[in-house]
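See below for the structure under consideration.
Just so it is clear, none of the values below were taken in a lab; they were calculated from the coordinates. Given the structure is predicted, the values throughout are model-derived calculations rather than measurements. Virtual Cβ from ideal backbone geometry, glycine too; neighbours counted across all protein chains shown.
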Amino acid sequence: MSRASGRVTRHGSRVAGVRTPARVVFTGDFGDRYTGGVKEFAIEAKNLRGVIKALDALYPGLGEHLEKETTVAIDGEIHEVGYYQPVRPGCEIFFIPKIEGG
Amino acid sequence: MSTRLKPEEKKLKVVGTRPLRPDGVPKVTGIARYGADYSAPGMLWGRILRSPHAHARIRSIDTSKAQALPGVKAVMTSADLPEQKFEYVGPERVAVNFWHMTRNIMAREKVFYEGHAVAAVAAISKSTAEEALRLIEVDYEVLPHVIDVEEAMRPDAPLLFEDMITRGIDPAPDRPSNISKRLEFKIGDLDAGFAAADEIVEASLKTAPVHQGYLEPQACLARFDPDGQAEVWASSQGHFVIRALTAKLLGMEMGNLRVHPAEIGGGFGGKNVPYVEPVALALSRKTGHPVKIVMSREEVFKACGPAPGSSMTVRIGVRKDGKIVAADGVFKFQAGAFPGSPVMNACMCAFAPYDIPNVRSVGYDVVCNRPKTAAYRAPGSPVSAYAVESVVDMAAARIGMDPLQFRLQNIARPGTPTVWGPKHTHEGFTETIQALMKHPGYRAPLGRNQGRGVASGYWFNNGGESSAAVHVNEDGTVVVATGSADLSGTRASLAMMAAETLGIDYDKVRPIVADTASIGYGHLAAGSRTTFATGIAVVEACKKVIDNLRARAAMIWDVSAEDVIWEDGCARPAGGSKGRFEPLSLKAIAAKRGVTGGPIVAEVSVNAGGVAPGFATELCDVEVDPETGQVKVLRFVAAQDVGRAIHPSYVEGQIQGGAAQGIGWALNEEYIYDEAGRLTNAGFLDYRVPVASDLPRIETVLVEVPNPNHPFGVKGVGEANIVPSLAAVSNAVSHAIGRRMTELPMSPPKILKALSSER
């Protein structure tokens, strides 16, 4: 996996020699059918595109699922999933079920 | 009466004022065009045949007699709509399964509720179409039905779908049931949390299904041309979404369908999805004529999506010092005939107001023989808030603490984790509670048979995709076009933000809602997102226009664009050019449109993030008549964090509207079914929404804690206000009669029954 596309480990086993990875967490069970229940990852990426690409490389199909069905909280701020969202080293990213209102 | 609590800020000229709404005169003079007001040459009338049964298998449909009736141009059934693949697509809360959706638009193998569409007719008149419906022969095999959510979950309940295996359970059950999905959110250690509690309070509560109560029934005009191009004029909360769903249901390419937004007479979430549009368009495709369908009120009640009924149990563990240490909630929601209730929202919002270290929310989405639920104002959250805020009230009483102080002591703040993972990041929760604690109404004395209740509530609010175009006319007026339906005065808010950004008067800005072929995509006007997300698009488009105007002023003055600033609606020389020229107004530059480069236009599309949640705390005083069981609301005060009120009157209106709907939900509104599963109160005479004479003046407190992620600090304001209302009323009634009420609506018979029970 190239550095540009992000580097991913399951949380706790960080990739040596890279900048502080982001803590990436899936809320609830929505990612389980792809990840077999793994919910937490450490990923080094510059932006959300890198995070999604790295996860999709690990679990094919997960990337599209994340793009279509989730909203993302980066350090608590909720955004629509967009490739361009910057990922600060060491930040906390939650993929949460997308919400629609009345 | 309204109060505004707002921070110090730079002086704004337009934002925060109360100008007239641009759609006001057309609406009060009757010239505004709603869905039913459109017609076309050669137009036919469409009518829909609906199931008289709550649950039945369709053995056959014979349309031959209807087809032969003079004046009938076409009869359609589900055979005229393409079959759809069985798969859940899109966001989990609102995952669309087109296999389900096409069956909701027109039944195929079975009817799942009374009012389910079975066939439709296009004829030269409404009366001919009605007569033709009576000639359609449907052979039904009537099946057992189930309405109540607890009954639908029983192992021996009649199954709506013989192959429905509950999702969200590992390993998957080996038997089908009506439980479409189980979901769970959890943080901390629940057992340890409850073990640390001094008191544990628990209650089981139920709510009845309710309707959004919009005044305008669904209506549309559809035209399908021989070349495959089609147009629809319809009242909805999002004409782009109506286009996408209708095209898919008819097997069309989206580009061949143009949807025009009619004025909308209320939606509240109920008009996020199509009902009549695919039917009218399919009939137009069959006949070659435009077809108009207007639902009756009875059809609206029987066939359009209501909010779900529920059955819930909430348990809270609290220490004597007032700290909530554990909370557990089980929320069972009626999805209606097809999966997809807002139970996930309910689970996520239920405990969101509070900082609780150990918490769990479990939800069940359960199908039953009622219309498929639709969104209703903060969908899911008012229902779970009713349960949680009732138990919070009981817990405060158990430890002898003031209920607002108890909430304040446990309130979530930036850094508090939510049950779904991320930490809260925005302020505004504590301020609404403090606002009510300072309110004179909170300490006002109560009389005999009177009670006071308070409650708080959380709603996410939404951002997302929006587009805006700004056109500068040669006389200095400005058109702001967006793709966002205007349910609540958003045209005014968007025009005000444009005027403020450009530095011109509000009355120089004309805001419009453009059709799907005339502006970039705009998502639903739902989730309290329009003023936030579309507002960002408008402001960004105005900034691009300003850059354009500065460049043109520079051209006129023959200076560099960097030496031109935009201030108070004028281009002014700056830097090395400062003082060399008189300012040029937007109007003066627009007058030189042609020689400076042609039309002055900017269009911006955004996928807006950085949304801040809505939070409200409400106070209700009631008096209960012990002879009749009638509840009179004496006082209602609603404090809501609104970020910044762009047009305070419309923000107050949103809060008052949400509170009024919540009061109706709490006291009177419910679907009443007979033993055959038929709705017996499908009209506003028997389905009792509150009217003005039922309500006191609802007092609003606008708490303004700006959202730093919006150019004017906007937070969505349309939904958080209904979230606490149900519980505030229920807590007030419970205190008035000295007994805990656990079922909505608290209609007079239920009050009398409670009064006759032991304390």
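What to note about this one:
- Segment B:174-218 and segment B:91-149: distance between their alpha carbon centers, rounded to Å: 30
- For B:Gln630, residues with placed amide H under 5 Å, excluding near neighbours: B:Asp625
- Qualifying aspartates and glutamates (Cα of each under 20 Å from Cα of B:Lys578; at least 8 residues distant if same chain): B:Asp547, B:Asp558, B:Glu562, B:Asp563, B:Glu567, B:Asp568
- Loop-located chymotrypsin sites (Phe, Trp or Tyr not before Pro) in segment B:125-222 (DSSP state other than H, G, I, E, B) with a sparse environment of at most 15 neighbouring Cβ atoms within 10 Å are absent.
- Percent antiparallel among DSSP beta bridges (both partners in the protein assembly as shown, rounded to 5): 75
- Prolate is the label for segment B:305-375. Its Cα gyration tensor axes, ordered a ≥ b ≥ c, give a/c of at least 1.5 and a/b above b/c.
- Projecting the Cα atoms of B:Asn681, B:Tyr364, B:Thr246 onto the charge dipole of the protein assembly as shown (Cβ charges, centred on the Cα centre) puts B:Thr246 farthest toward the positive pole.
- Annotation: the residues B:Phe98, B:Phe406, sorted from fewest to most other C-beta atoms within 10 Å of their own C-beta, follow the order B:Phe98, B:Phe406.
- Eligible lysines near A:Lys46 by straight Cα distance, threshold 25 Å, same-chain separation 8 or greater: A:Lys68, A:Lys98, B:Lys423
- Neighbourhood charge, 11 Å Cβ-Cβ cut-off, centred on B:Pro745 and excluding it, Lys, Arg +1 and Asp, Glu -1: 0
- Order of B:Lys438, B:Lys11, B:Lys508, A:Lys98 - criterion: other Cβ atoms within 10 Å of each residue's Cβ, fewest first: B:Lys11, B:Lys438, B:Lys508, A:Lys98
- Local net charge near B:Asp625, Cβ-Cβ under 13 Å (Lys/Arg +1, Asp/Glu -1): 0
- Our note on the geometry: Cα centres of segment B:504-569 and segment B:427-500, 22 Å apart.
- Once the chain from B:Ile672 to B:Asp558 is taken as fully extended at 0.36 nm per residue, the excess over their C-alpha distance is 33.6 nm.
- For B:Lys181, nonlocal amide neighbours, meaning residues 5 or more places apart or on other chains whose placed amide H falls under 5 Å from its own, are B:Arg167, B:Asp365.
- Count Lys and Arg as plus one, Asp and Glu as minus one, and take only other residues whose Cβ is under 13 Å from that of B:Arg315; the net charge is then -2.
- Helices meeting the span-like rule in chain B (full DSSP H runs, Cα extent of at least 20 Å along the helix axis, mean Kyte-Doolittle score of -1.0 or higher): B:381-398, B:535-557, B:648-667.
- A simple rule links phi to the HN-Hα coupling: the Karplus curve 6.51 cos²θ - 1.76 cosθ + 1.60 with θ = phi - 60°, which for segment B:471-485 gives 10, 9, 7, 5, 9, x, 7, 9, 9, 10, 10, 10, x, 9, 4 Hz, with x for Gly and Pro.
- Out-of-range pairs (alpha-carbon distance over 23 Å; input B:Lys332/B:Lys372; B:Lys632/B:Lys753; A:Lys53/B:Lys181): A:Lys53/B:Lys181
- In this Cβ point-charge picture (+1 for Lys and Arg, -1 for Asp and Glu), segment B:464-608 has a dipole of about 140 debye about its Cα centre.
- In terms of its alpha-carbon gyration tensor, chain B comes out oblate; a/c meets the 1.5 threshold, while b/c is at least as large as a/b.
- Leading residue at positive end of dipole, the protein assembly as shown (Cβ point charges), from B:Gly489, B:Val633, B:Ile200: B:Gly489
- Virtual spin-label span in nm between B:Ala551 and B:Ile165, 7 Å along Cα→Cβ: 6.0
- Size of charge dipole - chain B - debye, nearest 20, with Cβ of Lys, Arg +1 and Asp, Glu -1, no other charges: 860
- Remark on the protein assembly as shown: hydrodynamic radius 28.4 angstrom, per the Kirkwood mean of 1/r across alpha carbon pairs.
- 3J(HN,Hα) from dihedral phi, segment B:298-314, Karplus parametrisation 6.51/-1.76/1.60, rounded to Hz, x for glycine, proline: 4, 5, 4, 5, 8, 10, 9, x, x, 7, x, x, 8, 9, 9, 10, 10
- Label separation (B:Ala397 vs A:Lys68): 4.9 nm, computed from points 7 Å beyond Cα along the C-beta direction.
- Across segment B:170-175, computed HN-Hα scalar couplings (Karplus, 6.51 cos²θ - 1.76 cosθ + 1.60, θ = phi - 60°) run 10, x, 5, x, 9, 10 Hz from first to last residue, x flagging Gly and Pro.
- Close amide H pairs (under 5 Å, H built 1.01 Å from N) link B:Tyr354 with B:Ala412, residues at least 5 positions away or on another chain.
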